[in-house]
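For reference, the structure discussed in these notes is given below.
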Amino acid sequence: MGNADNPFAALLADSKASINKELIEDIFLFTLRPQDARERSKERALLCLADVIVNDSSPETGMGEELLSHAVFERIMLGNTREYLIPGSNEEDAVQMDAIVYLHRAYIACEQFKQKRSNLATDCDAIRTLIITNVSTCMRQPDLFPGRTVCEQWRDIINTSEDYCTRETMDFLVECIAKIYIDEEPLEALGALKANFYPLLGKVQTEISQANLVTLKKKVFWLLNFFVKDKRTPQMGEILIDFTTPNPNVNGAAYMDTLIGQLFSISILPKNQNGPYEFFGDFTLDSRHTDPALWECMANHQNSLFMLIKQLLMQDANNKQKMLEWLAKCLHANVSRGHLWNNLNTGLDNLLKQNASDAFVIGLTSVLLVDPTYCGVIEEERQKKSVSMLKAYEETCLLPVEENEKRLTADKFNFVTELFFLTHKAYELSYKASIERFIHMTRELHNMQSAYQDVINTDPNNDFAKNLLRMLKEQMQPYLCLCNCLMEPENDTAILKFFEASAIWLTEISLISAENYAGCVNRSDFAPHTRNNIELPEEIEFTPRTLCSVPESIIDNIVTYLNFSRDFPSGQYIQMYPSSHEAFFKMIILFMGSSKLVKNPHLRAKLAEALEFFLPKRATGAPFQTHIFDSHPERLKVVPSLLNVFVSIEMTGQSVQFEQKFKYRRPMYAIMEFLWTKEEYVQCFRNLAVEAESNMEAIEPPIFLRFINLLINDAIFLLDESLENLQQIRQLQEAQANGEWDNLPESERQQHHSNLHQLGNYARFDNILGRDTINLLKLLTTEIKSIFCHNSMVDRITSMLNYFLLNLVGPQKEKFKVKDKKEFEFDPANTVLEICHIYINLSSSDSFCLAVSQDGRSYSSQLFSYTENILIRIGGGQLIGEMAEFAEKVQKMENQYKQEQECLAEAPEEYLDPIMSTVMTDPVILPSSKVTVDRSTIARHLLSDQTDPFNRAPLTMDKVIPNETLKNEIQIWLAEKRAACSNESLIKS
């Protein structure tokens, strides 16, 4: 086309805003000068577009902006660029047909020239504006241009920028988006961006779905970071969130199918709950159970995912809110994960399909890192107060709300508060649920391994043994994958520090003063802004009502973590952070011992279980090193706190199931046994005992008195149940050994086997706890004696000791002789020794010796003769002398008592206690039933049951009415009787 006929020819004369031609050729890699007239170096390739646009042979050094604009547009419309190529070193750049890739290279070249040649800065700015204008056109009308799709071009641009020009590429993207929003209405501009970038994100999601922890490419995160890394382009972050948000009202599993969901699901565990498992497929039973290489992969992946979400949250307020809503809705959709192992009967397969996998939710928790009233906000005010978490108001909280009480809430909640509660919810639905599954798997594997060992010890080539080994290996793979996922060190450290902060926060908000709390109410802001590190009080005097909005799950999550951490290998993770020990220890002491702060007795008992974590005894490996029991400034408050929770799980209105009660008390026994090795803690027990003896008839029975009363109750129940079960086990074992089962139908034989197994489990449980209870009584009575010998306690402990000693050493002891005593944790020899130690510990008390002799059910003069014979057989010879002295003293007290009782025979009925049938020494009238009983009798009854035993009306010791008239009558009668008996003795002598 000649210039005379060319519509662009007229633009040659336009010298307005002229731009340097050489700069244009260097940046855009095309020339309008004819090839034979080109004077520039031929080292660099160019496209000669003189015949396409206009022949520019003029000597002018500049080109008008309008002509350049048309020339650039025509250049990016070319579909056969090689036809115009002047060969050189950079031919691929010159012939590039992808418009955006071509313009991106030109943009970077322009920026580089601007830095090198400041005299051309104005020309460079004009060229940059022209480039951005054309990119905007390409993205708004992509069908006009040849080459690949816009999304493919952008992927190339972003991936290439990893090696060079990252800042320039980000600036290029920022300016492109800004120009699109200038050219279009906001909604249309966002729509244009989504049309271009959604296909790109779709391909990335597909790539993620086909990868695992090892094969996922680093460039995936590099590409996604371009959506979130720059605050100047929040539209890109919004595109990412909108793309990864599923339809409303979907089930929890649908979140796994999103792009971010796929990233959360990359783990040591399988993406889907039921497999397939990709790691630990090739192992032996004695192989290493952890893989640091996988841990490193997992840590790197989760760190990258953390940074992606963090940048998205920080990009702008709109994206932050959208991301928080995504997390909140995802947690809400998966809320039934928290009930998974409590609802197995609803159908496991169905639950797995409805909820996201362990891998997904553990990945979710890892990226989440505070006003305590967050969960007090009702649904109607949720949006107004910036509460993203759905149904937060329905959480079970530390304290209940009183009738017609409205929970106080802040006016608005900050970002940290949102993250805090969302993180705890995520842990509850992820780690906590997965830990429960891990414990279940551990128990099943242990049983399977035991069965396998039993079989191979008898017949290693048995087919059953081979099947067991195959099943064992099948179960070990998912077990090891879950174990390694839960124990990954870097993530565990983050969880630990988060829970340490949570423990500090819980302590601070609970110990707020009434004055400071009133200020919070006035400000409608309840978040602690400074750490006061308040000393734990002896008694909680003020309880902030904000605890009505703090979910129990926060404490429960910490407890779950500590209990699970007990199984970690020694010398790693939590053991490395003494500051966390101090924070957890203080929190446990505070909440464990106070029903004013935590209403739920189950939760307080779980805190005692968590305290066991800090004991210096470990099941395996080196001892767990912590000095928390020796150095913590609040350490001595652990004794009253522990006794409080011990008592509270059985108090009226706070009772728990009978079996559950003993499960909770097991760790308490272990803790108290450890504390008894340290003098300062023993002194705490002594002080509480002294206080109790000074207040035996207080309205609120002293904590130590209630404690030892329940301890005796436990010992009686556990040892009694154990003996009864052992007797039944012996009968079943004898029947089996005699062949009585051989001719029974198969179903009956199976039933007998089942009964024997069940009785064995019961006996084992009772024997272990009974042993711990008796041991604790032995320890206590070495230092604390008088309270056990008080008239309200002495009869109970002596009858217990006599009863069990008689059963273990008397003529009926053979009834409890079972095969394999160790299998049932039955150690009668040790129990006899412990009981004898308790007798000796308390033998200095006359009232104790008398009470032993007055036990009509089990005591006889032969009891201690039986005991001496057994002590000789079981190696208790060192106790024989002391027990002989004790038996002699008991016999002496018995003789004296008999003489006195003969004197008091035929006492008037109104002088006798209606419950014990003994002569009353301090009669009192019960206000409701008007019955008169001995003060010691009703005091003993009220320790366990604060009601009138005759009509069940509420009763405390301060309400009983002394019957002084009757007391004087009895004393006069006793004096007369004793005088008469004394005279008779003198006459006989």
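The values are calculated or read from the model by the stated rules, or taken from the named source; none is laboratory data. Nothing here was measured: the structure is a model prediction, and the numbers come from that model. Positions of Cβ are generated from backbone atoms using ideal geometry, with glycine treated the same way; all protein chains shown enter the neighbour counts. Ligands, DNA and RNA are excluded from the accessible area calculation, which covers all protein heavy atoms including side chains. Shrake-Rupley method; radii C 1.70, N 1.55, O 1.52, S 1.80 Å.
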- Please provide three numbers in whole Å: the alpha-carbon extents of segment 404-449 along the principal axes, with the largest listed first. 57, 30, 8
- Task: Work out Dmax and Rg for segment 19-191 from the C-alpha atoms and quote the Rg first, both in angstrom.
- Result: 15.8, 50
- How big is the Kirkwood radius of segment 909-988, worked out from every pair of different alpha carbons and given in Å to one decimal? 13.7
- Taking R0 as 56 Å and r as the Cβ-Cβ distance between Val250 and Ser450, the FRET efficiency 1/(1 + (r/R0)^6), rounded to the nearest 0.05, comes to 0.80
- Note on the structure: Per residue, accessible area of segment 725-878 with a 1.4 Å probe, heavy atoms of protein chains only, in Å², comes to 46
- Query: To the nearest Å, what is the center-to-center distance of segment 59-110 and segment 834-863, using C-alpha atoms only?
  - Reply: 108
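Using a 1.4 Å probe on the protein chains only, how many percent of the accessible area of the chain belongs to carbon and sulfur?
For the chain, the apolar C and S fraction of the accessible surface comes to 49 percent.
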- Please work out how much length the chain gains when fully extended from Met916 to Lys384, using 0.36 nm per residue of separation minus the C-alpha to C-alpha distance, in nm with one decimal. 184.9 nm
- Pairs beyond 26 Å (Cα-Cα), from Lys432/Lys637; Lys219/Lys425; Lys785/Lys889: Lys432/Lys637; Lys219/Lys425
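So how do Arg604, Arg44, Arg873, Arg523 rank on accessible area, 1.4 Å probe, biggest first, that is with the largest at the start?
Arg873, Arg523, Arg44, Arg604
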- For segment 909-988, compute the number of Lys pairs whose alpha carbons are separated by less than 22 Å, excluding pairs fewer than 8 positions apart on the same chain. 5
- Item | Average accessible area per residue (Å²) across segment 388-427 - probe 1.4 Å, nucleic acids and ligands excluded | 50
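Given R₀ = 22 Å, FRET efficiency for Asn869-Glu823 by Cβ-Cβ distance, to 0.05?
0.25
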- Neighbourhood net charge (12 Å Cβ-Cβ; Lys/Arg +1, Asp/Glu -1) for Lys194: -3
- Query: When the scattering of segment 139-216 is computed by the Debye formula from its Cα atoms alone, each counted once and equally, what is log10 I(q)/I(0) at q = 0.12, 0.13, 0.24 Å⁻¹?
  - Reply: -0.42, -0.49, -1.23
- Item | Cα principal axis extents for segment 733-832, largest first, Å | 59, 25, 23
- Item | Under 14 Å, Cβ to Cβ, from Glu748 - net charge with Lys/Arg +1 and Asp/Glu -1 | -2
- Note on the structure: Mean 1/r over distinct Cα pairs of the chain, inverted to a Kirkwood Rh in Å, yields 35.5
- Per residue accessible area of segment 19-191, 1.4 Å probe, in Å²: 44
- Item | Theoretical FRET efficiency, 1/(1+(r/R0)^6), r = Cβ-Cβ of His332 and Val401, R0 30 Å, to 0.05 | 0.85
